[in-house]
Amino acid sequence: MRTITIATLVAAVLLATAAGCGSGGTPTPLDPTAAARQRVIDTADLDCLDDRGPVVAITDAEQDMTAAIEVGTGDTAVMLLHQVDGTACQWYAFALILAQRGYRAIAPDITSRDAVDVAGAGIAHLRAAGAKRVFVIGASRGGTIALAAAAAATPPVDGVIALSAPTVYDADALTAVKKLDVPTILIAGDLDGSFADHAKELHDLSIAKHKKLIIRSSVSHGVTLLTGDVEDTVMAFLTDPAATADAPDPA
């Protein structure tokens with residue numbers, strides 16, 4: 001992730017404006033916020049894209065900007081948080097599927113330890129864009145961040161899904177699930193190290209009235225779990241999160 005503060009752009013903008021004054025003409029004022037936003041978009045490390053069209057810059061409470069891929073429209077939005085070894089591109093294909101089904105999807109590029117703040121900025125961005133319902137889905141570390149960011153969101157999000165989420169990784173999901181009372185689904189493969197144990201622990205601690213634990217006999221991790229009946233469950237969750245979280249596991 002390339003995070004750029006507005007402050008770092010202000011000096012450059014002032015220098016450019018001063019240089020223009022010396023040319024004899026009246027310089028066009030430059031907007032430091034717009035300049036910072038465009039730089040974040042232009043320098044985003046997103047090799048899955050042929051152009052910058054789907055890239056936006058989201059701003060957190062500290063006015064730091066982060067690149068994100070955003071596709072689709074609609075008043076139901078989904079934020080997708082990638083694994084530690086990936087970028088926003090890890091979710092691009094699924095984001096396009098969501099867009100085709102009438103959802104708005106955003107995948108921030110979160111690779112620094114301010115990930116919870118970035119995720120919170122993503123939620124705020126979606127709401128500012130008109131989303132009436134917001135869901136958060138994260139894979140591996142992104143799942144831990146998803147639970148923590150959802151627990152901190154005001155107003156609450158409409159549901160959260162964590163795939164192969166560690167209990168703690170740049171955020172404390174153990175604490176988050178003890179106060180996160182929105183429909184929640186925790187998914188892991190039982191042949192994927194200790195991630196199934198993490199999912200079970202988080203499920204047991206969760207105070208959500210509507211929650212589901214899905215454990216598959218699989219070595220798949222994070223985003224690679226999102227196939228077959230698991231993908232069907234995720235899609236059903238976006239339509240009716242409470243009923244989907246309460247329904248028996250189809251497997």
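For every residue, the table says whether it meets (1) surrounded by 15 or more Cβ atoms within 10 Å (Cβ to Cβ); (2) hydroxyl-bearing (Ser, Thr, Tyr).
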residue	(1), (2)
Ser164	yes, yes
Leu186	yes, no
Leu213	yes, no
Leu225	yes, no
Leu238	yes, no
Ala243	no, no
Among the residues listed as Asp117, Asp109, Asp172, the single one being of a type in the set (Asp, Glu), under 12 Å from the mean Cα position of the chain (by Cα) and surrounded by fewer than 24 Cβ atoms within 10 Å (Cβ to Cβ):
Asp117
Of all the residues that make up the range 46-64, how many are in a loop (DSSP other than H, G, I, E, B) and modelled with pLDDT under 90?
4
Considering only residues that are of a type outside the set (Asp, Glu) and open to solvent by 60 Å² or more (accessible area, probe 1.4 Å), look in the range 73-89 and name the one that is nearest to Val234 (Cα to Cα).
Thr73
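May I ask you to list the residues in the range 89-118 that are assigned to a helix (DSSP H, G or I), modelled with pLDDT of 95 or more and among the aliphatic types (A, V, I, L, M)? Let's see the steps before the verdict.
Start the filter on the range 89-118 by keeping residues that are assigned to a helix (DSSP H, G or I), which leaves 89-100, 115-118.
Of the ones still in play, those that are also modelled with pLDDT of 95 or more are 89-100.
Hits for the range 89-118 are Ala93, Ala95, Leu96, Ile97, Leu98, Ala99.
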Matching residues in the range 126-142 - criterion: being in a helix (DSSP H, G or I) and either open to solvent by less than 50 Å² (accessible area, probe 1.4 Å) or touching a Cys at 6+ places or on another chain (Cβ under 6 Å) (or both):
Leu126, Arg141, Gly142
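The values are calculated or read from the model by the stated rules, or taken from the named source; none is laboratory data. On a predicted model such as this, the values are computed, not experimentally measured, just so you know. Reconstructed Cβ throughout: ideal geometry from the backbone, glycine too, with neighbour counts over all protein chains shown. Note: accessible area is taken over every heavy atom of the protein model, side chains too, but ligands, DNA and RNA are not part of it. Shrake-Rupley method; radii C 1.70, N 1.55, O 1.52, S 1.80 Å.
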